[in-house]
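Okay, so here's the structure we're looking at.
The values are calculated or read from the model by the stated rules, or taken from the named source; none is laboratory data. These numbers come from a predicted model, not from an experiment. Using ideal geometry, Cβ is built from the backbone for each residue, glycine included, and neighbour counts are taken over all protein chains shown.
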Amino acid sequence: MNWYADAFRKMHFDMHTPGDVTNVGVGFDAEVFARRFDEIGVEAICWFAKCGYGWSYYPTQVGRRHPHLAVDTFPAAVEACHARGIKVLGYYHLSGCEWAEGRPDWHARNADGSPCRDGSIRFSLCPIGPAGTELMIPQLVEIVTLQPADGVFIDDLVGWRVCYCDACRRGFGPDMPAGPEEPGWDEYLAWRRHAAAEFFERAAAAVHQARPEALFGINYAGSFRHPDVLPKGLDYLTADIPEPESSSLNASLLCRQHATQPLPYDAMNSRMLHWWLDWTQKPVTAMMQEFATILANGGRTFLGDIAYHRTAMPDPAVLTNAGEAFALCREIEPYARGAEPAPDLAILNSAESHYLRTHSPNAHPIPVKGAHLALLEAGLHAHILPEHDLSALLPEYTGLVIPEQTHLSEATLAAVRAFVQGGRGLVVIGDTQLADVLGVERLGLMPEDRSYFVCDAEDLNPSDEVVCPPRLVYGAALRAKATTAEAIAPLIAPLAGGPPHSGAPPGDVTQYPAIAINAYGAGKAALVATPVATDLFVRGHAALAPLIAGLVRRVCEPRVAVDAEGTLEVSLLRRGSSLLVHLVNYTASRHPARPATVDRIVPVHDVVIRLRTGQEPLGVDGSVDSLRWSFSDGVTEVRVGRVEVWACVEVQVGAE
């Protein structure tokens, strides 16, 4: 049985410890350690079995115990937590190692043959070579059998990295490219990701053979940063979300991609203000908002913390404050337990489009982030779909956004064409392989690195503008000729020879559309020729958000939409015959520095939810007292008087 789906409240504790730190864990008290988690309602923890410096915190037979470990902290923690019914994952960092100087065949290698370093750590190990078979997999088996932990949490998704060790050279071939400028680089990165997946599949099989009930998970596998096919043998999906940006925004993005996969999942936020880089506690209000975002999107909470090296204990004050945030989780859980994410809108996250565009082993899907932000702020519900599952998943959705992705497979293109032809909606941003669906002829890209457009449509502009000024969008625009599409706004080229200190102002209006809509079969498709998703996210060009959301509304009818004076993130779950509409108060920081610091949330009043139920509900209930509802023309409208951090409305649309 996979216990992960029922563990709503989890914590992770970092304790990466260099080998020259003395008296490690000298004050560790396993009973107090476990009791404090029990007191604040934590149901599972992740605790260090092997850290990023390569040291183990249990009596390993194949690795090396930390040289100054006063007590074996890992097995003691497992025993004490199990006595209180708390599950334990063993944290295992793959590549970092301070002590492998005697095993040069384990080392990851640079293109010149020199050993790779993992940050400031002495060596980085390559799991594709002998280190994987002789050290890593045997230690993972130790962790779930000798201790025994309830599963493993593997950090360092090795497909990110490049390596030129002997094992990698044999696996790929002798002519390994030294960098992105050499032929075969993209093929090498694809091989590296495939080889990493094969290692993880072998590791998962070994863990499950040794202890079938133990769970196997990899940090960031299947996430928005790594939207590849999942390695076989995974039991859950997880990732520690980047927090220099908005934590709740990235938690939403992560969960909305994980929501499409058949595994329980979480998003790991941290109690630290600057992620893993300091000991500053972020506001409890921020933790509450992040927890609400995760649970509302079908995930489970996983709060990151740091343990003190001398005592190997968390700060009790931090745990007490975390308990306040976990109290909100208990309020939300009845509206999340047994529920699963429901489809509505979708955003495509194509792995190949990111890898082949950037030539990087680590995808950074900025356009996906921009599209996600635009729909979130518009009160619309969307999932992030990986390309490898698109054909199977897409028919359940009402509309699809493809933000600036141009390396789509023939199977994907066929699925999108069938989707629109069958009566659904499509919005394509930037360059495209779907010119026929969009009703244009692709002529190439504009030569300039920026362009302008003016759009007079009220539904595609910010509500506070009287008239649309020329919109500057950075990045090369698609140059296309409308064939069957209706042009909504033309591209405006930058003025040739414009002043260099401010960039070129708007110049001549071109014959090419900046925005166009086309009928294709029974559906509609919209084109935005400029890379507005990237410009929205990177430059904070907020006027582009209503453009993206407005085009989505033009080409399809979303199943759920929310109107409110403030910004509420809306997510749709289903449980039996009920639909659950979760609302989370998305509050941006009032502070100019990064990361975003949410310490005060202003309630949102007079919220209107419109849910396409098709039939009159048997009942409407929820977490709020003041709600009213009505039904007309297939739409159930629910009015909620006030939303503070979170609220949920449950609509029963059929008999249980």
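Miscellaneous remarks
- For the stretch 17-29, a residue qualifies if it is closer than 16 Å to Ala307 by Cα and surrounded by fewer than 20 Cβ atoms within 10 Å (Cβ to Cβ), and the qualifying residues are Pro18, Val21, Thr22, Asn23, Val26, Gly27, Asp29.
- Those helices (runs of 4 or more DSSP H) of the stretch 55-174 in which 1 or more residues are without any contact (Cβ under 8 Å) to a residue 40 or more places away in the chain and farther than 25 Å from Gly233 by Cα occupy 166-172.
- Take the conditions (1) surrounded by 16 or more Cβ atoms within 10 Å (Cβ to Cβ); (2) in contact with a helix residue (DSSP H, G or I) (Cβ under 7 Å, 6 or more places away or on another chain); (3) of a type outside the set (A, V, I, L, M); Arg84 misses just one of them, which is (1).
- Boolean, Val532 is within 30 Å of Asn297 (Cα to Cα), crowded, with 21+ Cβ neighbours inside 10 Å and not charged (D, E, K, R): yes
- Here the condition is being surrounded by 24 or more Cβ atoms within 10 Å (Cβ to Cβ), outside the structural domain of Ser577 (by TED's automatic domain parsing) and polar (S, T, N, Q); of Ser353, Ser409, it holds for Ser353 alone.
- Of all the listed residues (Gly323, Gly304), the sole one being under 13 Å from Met11 (Cβ atoms), surrounded by fewer than 24 Cβ atoms within 10 Å (Cβ to Cβ) and in contact with a Gly (Cβ under 8 Å, 6 or more places away or on another chain) is Gly323.
- Residues (of a type in the set (Phe, Trp, Tyr), modelled with pLDDT under 95 and touching a Pro at 6+ places or on another chain (Cβ under 8 Å)) located in the stretch 215-258: Phe224
Residue-by-condition table, conditions (1) small (Gly, Ala, Ser); (2) assigned to a strand (DSSP E or B); (3) assigned by TED's automatic domain parsing to the domain that holds Ile402:
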residue	(1), (2), (3)
Ala292	yes, no, no
Asp305	no, yes, no
Gly323	yes, no, no
Leu328	no, no, no
Glu331	no, no, no
Gly338	yes, no, no
Arg357	no, no, yes
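- Test: residue in the stretch 437-456 that is closer than 30 Å to Leu495 by Cα and basic (Lys, Arg): yes
- All positions within the stretch 12-54 that are part of a strand (DSSP E or B), touching a helix residue (DSSP H, G or I) at 6+ places or on another chain (Cβ under 7 Å) and aliphatic (A, V, I, L, M): Ile45, Ala49
- Where strands (runs of 3 or more DSSP E) sit wholly within the stretch 433-490, those with at least 1 residues that are in contact (Cβ under 8 Å) with a residue 60 or more places away in the chain, in contact with a strand residue (DSSP E or B) (Cβ under 8 Å, 6 or more places away or on another chain) and surrounded by fewer than 20 Cβ atoms within 10 Å (Cβ to Cβ) occupy 440-445, 471-474.
- So Thr484, is it among the hydroxyl-bearing types (Ser, Thr, Tyr), within 25 Å of Asp449 (Cα to Cα) and at pLDDT 95 or above: no
- Scoring Lys50 on the criteria (1) charged (D, E, K, R); (2) surrounded by fewer than 17 Cβ atoms within 10 Å (Cβ to Cβ); (3) in contact with a strand residue (DSSP E or B) (Cβ under 6 Å, 6 or more places away or on another chain) leaves a single failure, condition (2).
- Residues satisfying the stated conditions in the stretch 511-525, i.e. over 17 Å from Asp535 (Cα atoms) and crowded, with 18+ Cβ neighbours inside 10 Å: Tyr512, Pro513, Ala516, Ile517, Asn518, Tyr520, Gly523, Lys524, Ala525
- Any hit, the stretch 145-154, residues being modelled with pLDDT under 95, in contact with a Gly (Cβ under 9 Å, 6 or more places away or on another chain), surrounded by 21 or more Cβ atoms within 10 Å (Cβ to Cβ) and among the acidic types (Asp, Glu): no
- Every test in (1) surrounded by 22 or more Cβ atoms within 10 Å (Cβ to Cβ); (2) within 28 Å of Lys10 (Cβ to Cβ) is passed by Asp118 save one, and that test is (1).
One line per residue, one yes/no per condition, for (1) assigned to a loop (DSSP other than H, G, I, E, B); (2) closer than 30 Å to Pro148 by Cα; (3) over 19 Å from the mean Cα position of the chain (by Cα):
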{"residue": "Pro183", "(1), (2), (3)": "yes, no, yes"}
{"residue": "Phe200", "(1), (2), (3)": "no, yes, yes"}
{"residue": "Gln209", "(1), (2), (3)": "no, yes, yes"}
{"residue": "Glu245", "(1), (2), (3)": "yes, no, no"}
{"residue": "Leu249", "(1), (2), (3)": "no, no, no"}
{"residue": "Arg256", "(1), (2), (3)": "no, no, no"}
{"residue": "Trp276", "(1), (2), (3)": "no, yes, no"}
